[in-house]
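J.: The structure under discussion is supplied below as structure tokens; questions concerning it will follow.
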Amino acid sequence: MSEPRTLGLDVEILRRLSSDRLVRVLEDAPGAKDLIIDGDLMKMLDRISGATLLRSHGVEKMYKLERLPPPVQSGQRVYVVRPSLVPLKYVADHVHTDKLNHPDVRVHIVVVPRLVSWVTALLEEEGLYGAVTLHEFTPDFIPLDDDLLSLEMTNFFRAINTLQGLYGRIPNVLAHGRAAKAVINALQALTDRNSPKKMLQTPEIGHLFIFDRDADYVTPLLTQLTYEGVIDEHFGIKAGVVEFPTDVVGQDAPRKVPLNSKDTIYDNIRNRHFAGVSNYLITRAREVKAKKDQAQTMTTGQMRDFVANELRTLQALQTTLGLHLKACETITNSMPRDFETRLGTEHGLVTGAGNSGKARKYIKNCIARMLPLATNLRLLCLLTLTQDGITRREYEEFSSQVLMAHGYKHLVTLHHLRQLGILAVVDSPSVGGGGSGSTAPLQDRFAQVTSLLPKKGSGWRSAAKRLKLIPDADEPVDLHNPTHLSYVFNGAYTPAIPKVVGDALNGRGGQSLLDNLKVLPGSTVITSPSAGSPAGPRVALVVVLGGLTFAEVAAFRLLALTSATRIIVASTNTTTGAQLISSVFQD
Amino acid sequence: MSRAENEAYWGSTDTAPSALDNFFDEDSNVSWTGYAGGYLSQSSKTAPCNGSGNAVSHGGQPVPSCTSITDNITIHSVTDRAVVDIPGTGNNSEKLSKGVGKAIGEKLDSWKPPSVSIKWNSSQGQGNGYCVQCSAKDNEISQLKKRLENSYSRYNLTLPPDDTVTRILLGQPYSLECYRSHEDKLALLDAALNTMDGSAILATVLHMKNTVKKSLFIKEMQERPHATQLYVTYLKKRHNYAEAIDFLRLLGKPDDAAILAYEFALTSRAPEVKVKNMRKTLDNSFTDPNLSYEAKIVKENIKLLERQMAIDETDHNDLTNPMLTKYPRAANIVDKSLLTTLYYCCMYHWDSVESHAGSPMALRKAHSFTDHQVLWTILRGRARVNHWPLPNELDSWLGSKGLLGALGSITSAFSGAGKAISTLKSTLPIEQVVHTLSASGAPANVLAVYLALIDSIDTRLKLAMNYKCHQGVIDAYISQKDRDALEKYMHEIPAGSPEYLKAENALKSAKWKN
């Protein structure tokens, strides 16, 4: 995988950019200061800069933002918060309390990623306007790896603008979906304001693709089967870091492990089908052991050389191998007993080969067994999408069972899922047309722009057919030496977004692709380089608004190999179906 | 206008943004004449200035300073267009930049439009007394003059909406106060909507909301679903539910309003208040016939919550129920789901009479469970207290409602446990039941009974082996008539145990194929 990866640009520069920006904000409050950070921002700040950097810019103590204010120690406190009511109320309460005992303390509030207008209004209402100094910190894309960028935040416009500023104007653009189109509009508006010199720079990125998550909800709903995807589903990967629980690390405390291509073992297994991972690990472990065993027959000179050079690497390898083997084991043991049935049900629904009556019955049983809500809804949503929507009557039947098992309050959750088109119900008089209101929790997580999703209640199956997402059942897909993108789902389904990008990169774009995209919700915008100007290098940037799964990332990595293109994938965040669903929950 | 011209105008394009920044800066020394003039005449372009321009030339008196302004205007509006205009939204920005003047800032206080009044006074003087038409023109001119002068007031000078929106987008200071005409507000809102930027849209929506009457606001929002959505999200973020519900209702979205009202009713902590709020919500928000299903759910919620409060009331101080002491309650049952409540009742009130608040049978009759929900929950709830009911014990739980239930109980009276077993088989995936039972520590004899319900003998055998349920294995071999296998399996069974005896018996008496 190394060949296309080394092509061209350095994404690490993005981290430096964000880090510099953070430093500038900190220096706006010169001198010693205490930092009080919104818990939801910690992971992201971690990825941008270390504690050392913060300390070198005057940060003395760091606290997590909680209801009660931490002790006042230095003359300045800097709050880093999201524009969200609860953290802001906390901050306001802190300031009021601290004012009584420490009238001299200076307070700065850094709002991430945007200092939106109502935040200022809120502070004004609290009587704090002018009493605190307001700042804004907008992080750029954060490189999680050479080929994976994440915003961990929802402010796309400036982030993509920065990319164009750094790497030159991207000649080929394909954007699909309403939000995607808006991003392009905003980009162009911003680009035109920028210095025109930048635009003359030779582009380092040849292709830009922008998609909404709603182009393909089926992919996140399916159970992931690549190692990285499985890790994310079981332990959760946040900003490129997994926290392995105690039984995996074999210590008393859970351990945070960064997952990226710098770890060669991980780089080799992350995209493999889970079924093949432990075999690979065992083979490698044997090799390492054999090498270590050789040491016993070495001469003293050889031995000295070995200890000086190889031993450390081998030991590190052994530790990593052991860790991942243990992770595999833990995952395998925690697989539900009916995992095979579940997988069979999912794939049967997607390919249309399965008996949907049987699937319905299976889902009803899962609901009656009170499996986790996200698990149940994930399967239910998959059913409704692949059936091109269920009838209102059937919806009432399913939903009442869900509500009995998980609480009537989730009527609200189901309503939101329907508004988003993840739960597809045909002929539903009770969900109003257009983007109706109240999708707050999801919007916090999604890009603000993705909130306006078109209604979808039908047409998935024809879309899958037009885009050829369901592979021919007679052609076996090699799961362990994959050549086909659908290997990420056992050859049952090809994730739509990588498929479309692949078609475009392999010259199967043009009119037929445009026609095919019409079946997906939203409109398509395409720009091509003007005649005579360079088409740009074979480097593609794919942006997915509203969350990207590791199954898709794996498909993109395979696509990068087969199409000899360096593909950099960027998203608001990496996600799983469970996360997608639970982001709609109220509590 | 070409880039070069633009640069000539500004000196260099690169300084343009910084000049914009300085616009808000008291101490900066940017010359405003050209700039403000540009916008000024842009506003005049709509109606007033074009008209006045004509009138002036009629009078035969060239007005150099006005033309120079006009020149600037054209130049400037083009400049503006070049910056703002983007493919795709071209039409829009053209529409928007029409009729919009420019600018805020203290600078304008010191800057007076010196030439206008003098000029027009003189033209007035010339025209006087010559013709009737002229006096009409004069009237018009004096009106236009007033309007033009008014437009110099800094509150009335407005940036083109696209510019203001871009400023919001870029995080630069901006002011919306100057957008006072309804058209301007709409143009501003639509410019924000074009960018899809949440902050910009919300700022413009709130500006409109604060400055126009409610009905007008609703009317405009009806045509802009995305703005509506962001506004509702904002109200919810600020915990201003009442306003959001009212807004959605006025907007003609009774379903969204109802769901939000329900959500709001649930935000109160105390269950009594919750019930009260839900009742109120039912009366106020769920009257639409399209919402009958949703209304039913809310009613169920109330019913359940009331029962849960009653259960908690009795169990709270109950020292007579041995189960409560043996298995201390992990949590209050109030606000748990219906199935969790059934689970709880199966744990603690399995033997309670039906009149008891916690009777599982009473609960089962009060709500319309499906059979598999009941069966799964009973199995899991009873297993929690180390009781594993056999299939025939579940008989009374199935279909005990209505005619069908009555018919069912008659049949079952004739056929013993037959109905329960067949219902169980058709309702639950028995394999999964066996997994669940075994995981909860069910004894082998119970497992064997459930294993016997599995149709496929191979599966039955596999599971029995897996869970070391000797009885199940023996039964399977007997029905397979496989003597050899059973004889071999005898080694696994402890000699003298009841299973061992049974197997021995079977070897003697049963019919075998080998």
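The values are calculated or read from the model by the stated rules, or taken from the named source; none is laboratory data. Quick caveat, the model's predicted, so the values are computed rather than measured. Here Cβ is always computed from backbone atoms with ideal geometry, including for glycine, and neighbour counts include all displayed protein chains. In case anyone asks, the SASA skips ligands and DNA or RNA and just uses the protein heavy atoms, side chains included. Shrake-Rupley method; radii C 1.70, N 1.55, O 1.52, S 1.80 Å.
J.: Distance between Cα centroids, the stretch B:186-255 to the stretch B:350-385: provide it in whole Å.
T.: 47
J.: Another question about this same structure. Across peptide B:284-290, how many C-beta atoms of other chains are within 10 Å of each residue C-beta, on average? Mind dumping the intermediate values first?
T.: Details: counts 0, 0, 0, 0, 2, 1, 4.
Counting other chains' Cβ atoms within 10 Å and averaging over B:284-290 gives 1.
J.: Roughly speaking, what is the stretch gain from A:Ala290 to A:Asp388, that is 0.36 nm per residue apart minus the C-alpha to C-alpha distance, in nm to one decimal? It would help to have the intermediate numbers written out before the result.
T.: Details: separation 98, 0.36 × 98 = 35.28 nm, distance 5.53 nm.
Extending this stretch completely gives an extra 29.8 nm.
J.: How far apart, in nm, are two points set 7 Å out from the Cα along the Cα-to-Cβ line at B:Gln480 and at B:Asn466?
T.: 1.6
J.: Let me ask you something else. Which cross-chain or sequence-distant (5 or more) residues have an amide H under 5 Å from the amide H of A:Ser571, H modelled 1.01 Å from N in plane?
T.: A:Leu149, A:Ser150, A:Leu151, A:Val544
J.: Students often check this: by mean Cβ neighbours within 10 Å, which of B:348-354, A:404-410 ranks highest, and how do the rest follow? Write out the running numbers ahead of the final one.
T.: Working: B:348-354: 16.0, A:404-410: 22.9.
Ranking the peptides B:348-354, A:404-410 by packing returns A:404-410, B:348-354.
J.: Work out from phi, with θ = phi - 60° and the Karplus expression 6.51 cos²θ - 1.76 cosθ + 1.60, the ³J(HN,Hα) of each residue of the stretch B:463-469, listed in order in whole Hz, and give x for Gly and Pro.
T.: Result, ordered by residue: 5, 4, 4, 4, 9, 6, 9 Hz.
J.: Please report the antiparallel percentage of the DSSP beta bridges confined to chain A, to the nearest 5.
T.: On the way: 14 of 55 bridges.
For chain A, the DSSP antiparallel bridge percentage is about 25.
J.: Still on this structure, I have one more. With the cut-off at 19 Å, tell me which of the pairs B:Lys481/B:Lys508; B:Lys462/B:Lys488; B:Lys326/B:Lys365; A:Lys326/B:Lys462; B:Lys209/B:Lys236; B:Lys185/B:Lys209 have Cα atoms farther apart than that.
T.: Values: B:Lys481/B:Lys508 12 Å; B:Lys462/B:Lys488 16 Å; B:Lys326/B:Lys365 28 Å; A:Lys326/B:Lys462 28 Å; B:Lys209/B:Lys236 16 Å; B:Lys185/B:Lys209 10 Å.
Among B:Lys481/B:Lys508; B:Lys462/B:Lys488; B:Lys326/B:Lys365; A:Lys326/B:Lys462; B:Lys209/B:Lys236; B:Lys185/B:Lys209, the Cα-Cα distance tops 19 Å for B:Lys326/B:Lys365; A:Lys326/B:Lys462.
J.: While we're on this one: Under Stokes-Einstein, with the Kirkwood radius over Cα pairs standing in for Rh, what whole-number D in µm²/s applies to chain A at 10 °C and 1.306 mPa s? Please list the in-between numbers first.
T.: Values: Rh = 25.9 Å.
The estimated diffusion coefficient comes to 61 µm²/s.
J.: If you don't mind, another one. Express the accessible area of the stretch A:83-156 per residue in Å², computed with a 1.4 Å probe while the remaining protein chains stay in the model. Before the final figure, lay out the partial values.
T.: Numbers: 2620 Å² over 74 residues.
Dividing the accessible area of the stretch A:83-156 by its residue count gives 35 Å².
J.: Using the eigenvalues of the Cα gyration tensor, what equivalent ellipsoid semi-axes result for the stretch A:225-309 when each is taken as the square root of five times the eigenvalue, whole Å, largest first? Spell out each step's value before the answer.
T.: Details: eigenvalues 195, 52, 30 Å².
Working from the Cα gyration tensor, I get semi-axes of 31, 16, 12 Å.
J.: If one takes the accessible area of chain A alone plus chain B alone and subtracts that of the pair, with a 1.4 Å probe, what total in Å², rounded to the nearest 100, results?
T.: Details: alone 25880 and 27500 Å², together 47340 Å².
Roughly 6000 Å² of accessible surface disappears when A and B pair.
J.: Which percent of the accessible heavy-atom area of chain A goes to carbon and sulfur, probe 1.4 angstrom?
T.: The computed percentage sits at 51.
J.: How much net charge surrounds A:His324 when only other residues with a Cβ under 12 Å from its Cβ are counted (Lys, Arg +1; Asp, Glu -1)? If you can, show how the numbers build up before the last one.
T.: Numbers: positive: A:Arg270, A:Arg272, A:Arg284, A:Lys326; negative: A:Glu228, A:Asp263, A:Asp267, A:Glu329.
Taking every Cβ under 12 Å from that of A:His324, the sum is 0.
J.: Which three semi-axes in whole Å describe the equivalent ellipsoid of the stretch A:80-122, each the square root of 5 times a Cα gyration tensor eigenvalue, listed largest first? Walk me through the numbers on the way to the answer.
T.: Working: eigenvalues 86, 21, 14 Å².
Value: 21, 10, 8 Å, ordered largest first.
J.: Starting from the Cα gyration tensor of the stretch A:5-85, take the square roots of the eigenvalues, sort them a ≥ b ≥ c, and report rounded, prolate or oblate (rounded when a/c is under 1.5, otherwise prolate if a/b is larger than b/c, else oblate).
T.: Numbers: a/c = 2.74, a/b = 1.77, b/c = 1.55.
Because a/c hits 1.5 or more and a/b exceeds b/c, the stretch A:5-85 counts as prolate.
J.: With θ set to phi - 60°, apply the Karplus curve 6.51 cos²θ - 1.76 cosθ + 1.60 along the stretch B:312-317 and write out the HN-Hα couplings as whole Hz, x wherever there is a Gly or Pro.
T.: Residue by residue, the stretch B:312-317 yields 4, 4, 6, 6, 4, 10 Hz.
J.: Among the listed pairs A:Lys358/B:Lys502; A:Lys361/A:Lys468; B:Lys146/B:Lys219; A:Lys89/B:Lys280; A:Lys361/B:Lys336, which are separated by more than 27 Å between their Cα atoms?
T.: Details: A:Lys358/B:Lys502 38 Å; A:Lys361/A:Lys468 29 Å; B:Lys146/B:Lys219 32 Å; A:Lys89/B:Lys280 29 Å; A:Lys361/B:Lys336 25 Å.
Cα-Cα > 27 Å for A:Lys358/B:Lys502; A:Lys361/A:Lys468; B:Lys146/B:Lys219; A:Lys89/B:Lys280; rest within.
J.: Residues with beta-carbon under 11 Å from that of A:Arg270, excluding A:Arg270: net charge, scoring Lys, Arg +1 and Asp, Glu -1? Please report the intermediate quantities before stating the final value.
T.: Values: positive: A:Arg272, A:Arg557; negative: A:Asp145, A:Glu228, A:Asp232, A:Asp263, A:Asp267.
Here the count lands on -3.
J.: Using θ = phi - 60° and the Karplus relation 6.51 cos²θ - 1.76 cosθ + 1.60, list the HN-Hα couplings for the stretch A:275-288 in order, rounded to whole Hz, with x at every Gly or Pro.
T.: Karplus values, whole Hz, x for Gly and Pro: 4, x, 6, 5, 4, 4, 4, 5, 4, 5, 4, 5, 4, 4.
J.: Let me check I've understood the local charge: for A:Lys468, count other residues with C-beta under 11 angstrom from its C-beta, Lys and Arg +1, Asp and Glu -1. What total comes out? Intermediate results must be reported in sequence, preceding the final value.
T.: Numbers: positive: A:Lys465, A:Arg466, A:Lys499, A:Arg508; negative: A:Asp472, A:Asp503.
After counting each charged neighbour, the total is +2.
J.: Can you list the residues, at least 5 places off or on another chain, whose amide H is less than 5 Å from the amide H of A:Tyr79, using H built in the peptide plane?
T.: Here the answer is A:Ile36, A:His108, A:Ile109, A:Val110, since their amide H atoms fall under 5 Å of that of A:Tyr79.
J.: Okay, moving on. Would you tell me the mean number of C-beta atoms belonging to other protein chains that fall within 10 Å of each C-beta in B:227-238, as a whole number?
T.: Mean partner-chain Cβ count within 10 Å for B:227-238: 6.
J.: Hey, another quick one. If you take each beta carbon of peptide B:332-339 and count the beta carbons of other chains within 10 angstrom, what is the mean? List each step's numbers first, then the result.
T.: Values: counts 0, 0, 0, 3, 2, 11, 8, 10.
Average per residue, whole number: 4.
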